[in-house]
Amino acid sequence: GTMELERLLSADSRAENSKAEPDKVSLGEDPETPGRVEGYKVAPEPSGCCSWWPQRPERGRGLLLAAAAAAPIAGLLAAAAVLAARHERGAEDYRTATRRLPRDGLCNASLPLPPALEPRAWKLEAVFRQSCWQKRHPGQVFKEQSHRNWCWITYKEKCHTNLKAHWTWAITQDNAAAEGIVPVRAVAAFDPLERPEVCDQAYFGASPGWSPVQKSAALAWFNQNVKVYVLNLPSDVGRWNTISARLNQLRIPPTRVLGVDMRVPNALHDAKANGWVPQWYDFDKAQSIAYQPEQKIGPLKGTLGCASAHFKLQEQVLRDAAPLAVAFEDDSWPEDDFVERLWSLVTGELPGDWEVATLMSRCPYGRCVSKHLVRVQPDVNEPHWRCRAGVNWGMHGVLYRVAALPALQRRWRPAVFDAERPHCLDVDVALASISDQVGYYAVPATQDPGFLREMNEGSARYSINVDTISTAPPPTTTTTSTTLTSSTSTTGSTTSTTTLTTTTTSSSSTTSGSTTTTSTSSTVSTTTTTVLTTTTSPWWTSTAAAHAQPTTSTSPWWTST
């Protein structure tokens, strides 16, 4: 038993020591990329992987050998447990998996991997939390509803209403504080991006200027490694013509992937049959939950179609099997030097553990790791039932490491199609919520102009969601009636009779995200009959501010910015 244990451990030691530890030379910082440490001489990597080799204490190995000498059977069992634990950790840890992926031209293997990020929230004193609550809920008694931080909610919404402004998070908090809706930074600063000086600056998005040699190298690298796809609905031919012309102008041949329109009959059935949506996904349940007032989501058909289309595109990516894939939505406009920027990002800044990178991430949350990159982190300020929604928005340009895509899908797909959490149906929200389990990086949209911008074409997903209201099937109704009659006589011959009849008609939610309507009519009869009819719209057709006061004249709350 001892001999067998020594054989196993010595083999493990040889594999572990096949890569020498980098020799530390200096601790200077790269002047071009603040925060990146220079001065490491990196030994050659084993072929076919990026760098990540865990360190294991030698002392534990010695203790195991001693135990094996005294009790061979116990030693073998202990060794098996150690090796099984290592194997289990390797199967769960994306860093262990990515070290076996191809690396040539697909990452910068010389970079140290970012440290594991601890969950980080905005910790505020109760007086601030109460003040933010009361500004959002005037006249109500303060309570910690669903454990949400209403200062953070307001802070994020300031970012949401200025998505194209390229504001840093510091500017966003300053502008919100100037309106008196969040605490000022002098007393309660919060940086959703740690180390904001490294990447949360608009001027980092400027083009550095590329030499002819760099341009030639970038184009050769792009043609060898990258395939480009565009998601586009069959009916949006104009959008396809626009973006395909732009990509051809940049010498980038695009592949069109037709989007999924859930308004088409049997579209969900077909999506499940093709594997873009799991067979077990219960859309009716998700839609029912999405209509609940605390969710504030509304119709989901457009969102479901968008999610289906992204997974459809990923299946095409896997079939084509290029080393890298870029997925554009059809309202994207890549910058003139997109090819050079992508070449520089992949070969210079993306470390060995990356699996997916979004090229324009709005309201980003995480830690700046280089001049153009954020290591995305889940926003634990928001609860799990909301899918930690509200940060790292945008799928306009997504870069996939194709060899890592199957493993990424295994974690991503169950989060997206969690019917209990309809916020997760937004694929970008779901991806950010699992960013501690996958190698997810992002280019902050703060940077101007960055890699790409959004054209003013409008959101197809939003349009389909809103269109669901007008195309809803007839509701199921329940009617109740109450009649109250009273008579009053006075001295003489004058008698009056008043009859009050109230009829209430209500409807329940129907399948496929149809809109629920509720109406109430009242009739009052005296000597002269007067008919008064009022109509009450459901909560999701009122504005957010008037949410508790249903009216007939306001637009749906999701149409407000």
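The values are calculated or read from the model by the stated rules, or taken from the named source; none is laboratory data. Keep in mind that this is a model prediction, so the values were computed, not measured. Cβ coordinates were reconstructed from backbone atoms using ideal geometry, including for glycine residues, and neighbour counts include every protein chain displayed. In case anyone asks, the SASA skips ligands and DNA or RNA and just uses the protein heavy atoms, side chains included. Shrake-Rupley method; radii C 1.70, N 1.55, O 1.52, S 1.80 Å.
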*Within the bounds of segment 278-301, is there any residue that is open to solvent by less than 40 Å² (accessible area, probe 1.4 Å) and within 16 Å of residue 409 (Cα to Cα)?*
yes
Note: among 245, 327, 322, just one is under 30 Å from residue 105 (Cβ atoms) and free of Cβ contacts under 8 Å to residues at least 12 places away in the same chain, namely 245
Inside segment 130-154, the number of residues satisfying the requirement of being at pLDDT 90 or above and under 17 Å from residue 388 (Cα atoms) is 6
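With respect to residue 343, determine if the residue is open to solvent by 10 Å² or more (accessible area, probe 1.4 Å), closer than 29 Å to residue 216 by Cβ and part of a strand (DSSP E or B).
No: the conditions fail for residue 343.
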Those helices (runs of 4 or more DSSP H) completely within segment 176-276 that have 1 or more residues that are more than 23 Å from residue 165 (Cβ to Cβ) and open to solvent by less than 60 Å² (accessible area, probe 1.4 Å) are 212-225, 237-249, 267-273
ask   = open to solvent by less than 50 Å² (accessible area, probe 1.4 Å) and part of a loop (DSSP other than H, G, I, E, B) - does that describe any residue in segment 127-136?
value = no
For segment 292-305, pairs from a residue that is under 24 Å from residue 148 (Cα atoms) to a residue that is of a type in the set (Asp, Glu) and open to solvent by less than 10 Å² (accessible area, probe 1.4 Å), with Cβ under 7 Å and 6 or more apart or across chains, are none
For segment 145-171, pairs from a residue that is under 15 Å from residue 394 (Cα atoms) and assigned to a loop (DSSP other than H, G, I, E, B) to a residue that is hydrophobic (A, V, I, L, M, F, W, C) and open to solvent by 20 Å² or more (accessible area, probe 1.4 Å), with Cβ under 6 Å and 6 or more apart or across chains, are 166/202
